[in-house]
1. Taking the stretch 25-72 only, how many residues are within 16 Å of residue 163 (Cα to Cα), in a strand (DSSP E or B) and of a type in the set (S, T, N, Q)?
2. For residue 153, indicate whether it is crowded, with 17+ Cβ neighbours inside 10 Å, among the acidic types (Asp, Glu) and over 24 Å from residue 62 (Cβ atoms).
3. Do we have residue 279 as part of a loop (DSSP other than H, G, I, E, B), under 30 Å from residue 170 (Cβ atoms), more than 22 Å from the chain's Cα centre (by Cα) and not hydroxyl-bearing (Ser, Thr, Tyr) here?
4. If we keep just the residues of the stretch 1-12 that are farther than 18 Å from residue 144 by Cα and out of contact with any Ser or Thr (no Cβ under 6 Å at 6 or more places or on another chain), which is modelled with the lowest pLDDT?
5. It is to be established whether one or more residues within the stretch 80-101 are in contact with a Gly (Cβ under 7 Å, 6 or more places away or on another chain) and closer than 20 Å to residue 162 by Cβ.
6. Look through 203, 240 and report the one residue that is in contact with an Asp or Glu (Cβ under 8 Å, 6 or more places away or on another chain) and under 27 Å from residue 281 (Cβ atoms).
7. I'm trying to understand the selection: among the residues of the stretch 131-170, which are in a loop (DSSP other than H, G, I, E, B) and in contact with a helix residue (DSSP H, G or I) (Cβ under 9 Å, 6 or more places away or on another chain)?
8. Does residue 202 qualify as being outside any helix (DSSP H, G or I) and in contact (Cβ under 8 Å) with a residue 12 or more places away in the chain?
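The values are calculated or read from the model by the stated rules, or taken from the named source; none is laboratory data. It should be emphasised that the depicted structure is a prediction, and the values quoted were computed from it without experimental measurement. Positions of Cβ are generated from backbone atoms using ideal geometry, with glycine treated the same way; all protein chains shown enter the neighbour counts.
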Amino acid sequence: MDEHLFTKHLVQSNRILYTPSIFAKTSLIHLQEAGELTALQPHFSSREHLNSYLFFLVLSGSGTIQYERQTVPLKQGDCVFVDCRTSYSHCSSAEDLWRLQWVHFFGPNMDSIYEKYINRGGNFHFTAKNPNVYEVLLQEIFDMARSDDPVRDMKLYEKLVRLLTLAMEEEKRYADPASFQNTIRSKLVPIKEYLDAHYLETVHLDTLSDQFFINKYYLSRIFKAQYGTSINNYLIHKRVTKAKQLLRFSNESIEAISHLCGVDDPAYFSRMFKKVEGITPGEYRKVWSKRKN
């Protein structure tokens, strides 16, 4: 960890360069850098090809962010969340110099987390509903990084996950604005109830479209935005959950369980189960049959 106050004629920044443990680097979402920047004059900063994700909050002032061929104005209370392997740059306004709080972080599962964030309708920039929550959390991350807490990496992991959770919750306001959120939910509730009742049967998207009078492509999109998964994956996870119950609490053969879960091909059933659980149905039964709960 390296903490210093950095002052040039363009900016003043107080930052911590953080070196996580090997365990944290290979197993956790881990901190790389945290800090706060005050622009003294208009300045331009550009980066690319960094194995890092950047989250920053505009505490005051204004400026712009360039990312994925977009240039977006930013103001107090706005947040930015970008993959730093993609080229990005930001610049403070000349008329309203800004102050920023930021964290750089990475992790073995960050790519899939960011993909999930984007697929659920998240944007690389948004206006925070409650900027103070982010300001407090970013300060907590900074303070924890400078501490000598013996479980510092785990606590930083906890706070970074909280930051990601806040962003995930925030983006839903933009993916499904309140003006039609209730309309979307009212369309999806009976469809989800139908899936819950008929998941052991073969369910076709065209059938759902005809039965509920909704365009199948629109249905696919809003279902994934609302529930974070496709209709097909939702059905698969329902069937796998049912299979796990039967594997643990019945003596039915795996072939019989396959049919009871609505899958006529036991070989496909085994592949489907392993894709979700990481082990075959037989291995799952063997492992859990040794447990008492």
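1. Final tally of qualifying residues: 1.
2. Working: crowded, with 17+ Cβ neighbours inside 10 Å: yes; among the acidic types (Asp, Glu): yes; over 24 Å from residue 62 (Cβ atoms): yes.
The answer is yes for residue 153.
3. Against the criterion (part of a loop (DSSP other than H, G, I, E, B), under 30 Å from residue 170 (Cβ atoms), more than 22 Å from the chain's Cα centre (by Cα) and not hydroxyl-bearing (Ser, Thr, Tyr)), residue 279 does not qualify.
4. Of all residues in the stretch 1-12, those farther than 18 Å from residue 144 by Cα come to 6-12.
With the extra rule that they be out of contact with any Ser or Thr (no Cβ under 6 Å at 6 or more places or on another chain), the set shrinks to 7-11.
Working: 7: 45, 8: 54, 9: 61, 10: 72, 11: 71.
Result: 7.
5. Looking for residues that are in contact with a Gly (Cβ under 7 Å, 6 or more places away or on another chain) and closer than 20 Å to residue 162 by Cβ, one finds none in the stretch 80-101, hence no.
6. The unique qualifying residue is 240.
7. Of the stretch 131-170, the ones in a loop (DSSP other than H, G, I, E, B) are 147-151.
Passing the criteria: 147, 149.
8. yes
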